[in-house]
Every structure is written in structure tokens, then in C-alpha cells.
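Taking it in order: structure first as C-alpha cells, then the write-up.
The values are calculated or read from the model by the stated rules, or taken from the named source; none is laboratory data. What you see is a predicted model, and the numbers here were worked out from it, not measured in a lab. Neighbour counts are summed over all protein chains in view; Cβ atoms, including those assigned to glycine, are modelled from backbone coordinates with ideal geometry. All accessible areas refer to the heavy atoms of the entire protein, side chains included, with ligands and DNA or RNA removed. Shrake-Rupley method; radii C 1.70, N 1.55, O 1.52, S 1.80 Å.
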Amino acid sequence: MLNVVVTDPPRADLAQVDKLATYGVATVHEAIARNGYLGPGIRPIQHGARIAGTALTVLCWPGDNLMLHVAVEQARPGDILVVTTTSPSTDGLFGELIATSVSARGVRGLIMGAGLRDTAELREMGFPAWTANVSAQGTVKETPGAVNVPVTIGGQTIRPGDAIVADDDGVVCVPRLDVAAAVSASAARVAKEDTNRKALADGQLGLDMYGLRAKLAKVEYITAAEYARRAGEGPAQG
């Protein structure tokens, strides 16, 4: 839906969202049955940042960042901007000045399905961002789009108020109504991994811990000499 600004949509409970940040993208993704990952095409412009927040979604026209300025007014503390365009665009819609504006309203970071610029300045000011493209190409402010409507990035539909988790591994989205369950599932996964980590450190093999040997029933173990013989790499036969 274009030419609409949805004001104050319901947001996931921020206290629960903050807990997701402690687990990180890979753990949350696995805990929610490997759903919600925006894919390897959305990459961080910095290293070491890990954030979580509620999605403030923005739909812009290609090469036009008018709706980003509209979104600033709708921003609430704890939000993460989630921005894409009505058709593919790599232009630098987002930069230092808009980051300064949304930071003043408590926005925690940016997920960009198009392009951004001023990456050095964003790193310097500590504004974390994940993007499909980096581009110095400028934009105009002409065509209305939408704010706080469902958007799609990396094959995932993100709705306003959903939980967003982002770190060096990428970005994952957790539907607003599933956040509490995702927190519990992530905690359980971490506890299980702690147990497995200790077992592996004590020398147990993953083959045994995960019960994988049965899957190797048709795999033949042979010596290096036998492998070389079968591959025709051994001494010539006369």
C-alpha cells in the first residue's frame, strides 16, 4: 500500500526484544526453526555491533528518500529503521544527516534493502547499519511512498513492530507476536550448546554426540595406500 503513513503501530515488547540481542542472529535464527533470516545479501558496514529493536518500516521509490524524512517523525526509542524501495535500487538513500536525525529520536540502527552512503561517518558516530549496497549516488525528495507497512527484504516479510536482531552474521526478523517464544527457545538453545561445548572441549567427538555414525553406514574407511591404489596413483603393476 502506497501513500500511507501508519501512526504508532503496535510494537513488540522492548524488554523481550532486548533479550534477543544477547543471543545474536545465528542463535535466534536456529531457535525459531531457521526462519526470518534476511540472507547473506544484507551485510554490516561495521564489525562488532549487535543490536535488537522494533521495526520501523519505510517504503521509498527508487532514488528518492522523501519517506525517510517522513519516518523520522514516526520514530520511537528502540526502533530500527527497515528500508526498501518499490523496485530494485542501489542509490544511496540514507546517510549521515538522516542518521543524526533518527539517532536523536532513539533509533538504534538501520536495515537497508537499497543503498546507503557516508559509511565512514556512520561508523564514527556509532550508528550501526546493514545494507544491500553502498553507493555515493545521491537521491531526490519528490515521491510519496509509505511508512509502517509490511515490506520485503531478502525474501522475508517484515511488519512494523516486529523484532529485528542484527550482528556480524546478518539480520533476522522475529514476528511481533512470537518474540516471547523466541526468547525462550533461544535460551534453551544456548543452554544446550553450553553442554555440547563442554563435551567437545573434553574430547567427545561430534560424530558420537550428535549420533551421526549411523549416517555413515555406506561410507568405506580405507587407508591412504588403498586410496592411491584405487585412484591409479600407486606403483605400476607389471
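Those residues that are touching a residue at least 40 places away in the same chain (Cβ under 8 Å), farther than 17 Å from G78 by Cα and part of a loop (DSSP other than H, G, I, E, B), I need them from segment 1-34; list them, please.
M1, L2, N3, V6, I32
Output the qualifying pairs, or none if there are none: Cβ atoms under 7 angstrom, residues six or more apart or on different chains, first residue in segment 172-189 and more than 16 Å from L56 (Cβ to Cβ) and β-branched (V, I, T), second residue in a helix (DSSP H, G or I) and open to solvent by 70 Å² or more (accessible area, probe 1.4 Å).
Once the first residue is more than 16 Å from L56 (Cβ to Cβ) and β-branched (V, I, T) and sits in segment 172-189, its partners that are in a helix (DSSP H, G or I) and open to solvent by 70 Å² or more (accessible area, probe 1.4 Å) give V183/K19.
To keep it simple, each residue is scored yes or no on (1) closer than 30 Å to A55 by Cα; (2) open to solvent by 60 Å² or more (accessible area, probe 1.4 Å).
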site	(1), (2)
L177	yes, yes
A191	yes, no
Q204	no, yes
G211	no, no
R230	no, yes
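Quick check on segment 35-66: of everything there that is of a type in the set (A, V, I, L, M, F, W, C) and part of a loop (DSSP other than H, G, I, E, B), which residue is most open to solvent (accessible area, probe 1.4 Å)?
W61
Got a sec? Which of L177, L116 is closer than 16 Å to L68 by Cα and of a type in the set (A, V, I, L, M, F, W, C)?
L116
What are the pairs with Cβ atoms under 6 angstrom where one residue, in segment 193-207, is among the hydrophobic types (A, V, I, L, M, F, W, C) and the other, located anywhere, is surrounded by 12 or more Cβ atoms within 10 Å (Cβ to Cβ)? Sequence gap at least six, or different chains.
Close Cβ pairs (under 6 Å, with a partner that is surrounded by 12 or more Cβ atoms within 10 Å (Cβ to Cβ)) amount to A199/M209.
If you scan segment 130-167, which residues turn out to be part of a strand (DSSP E or B), open to solvent by 30 Å² or more (accessible area, probe 1.4 Å) and not aliphatic (A, V, I, L, M)?
Correct list: N133, T152, Q156, T157.
Can you run down the residue pairs with Cβ atoms below 8 Å, 6 or more apart or on separate chains, where the first is in segment 75-94 and open to solvent by less than 10 Å² (accessible area, probe 1.4 Å) and the partner is at pLDDT 95 or above and of a type in the set (F, W, Y)?
L81/F94; V83/F94
Which of the residues that make up segment 114-129 are assigned to a loop (DSSP other than H, G, I, E, B) and within 22 Å of G63 (Cβ to Cβ)?
Those that are assigned to a loop (DSSP other than H, G, I, E, B) and within 22 Å of G63 (Cβ to Cβ): R117, D118.
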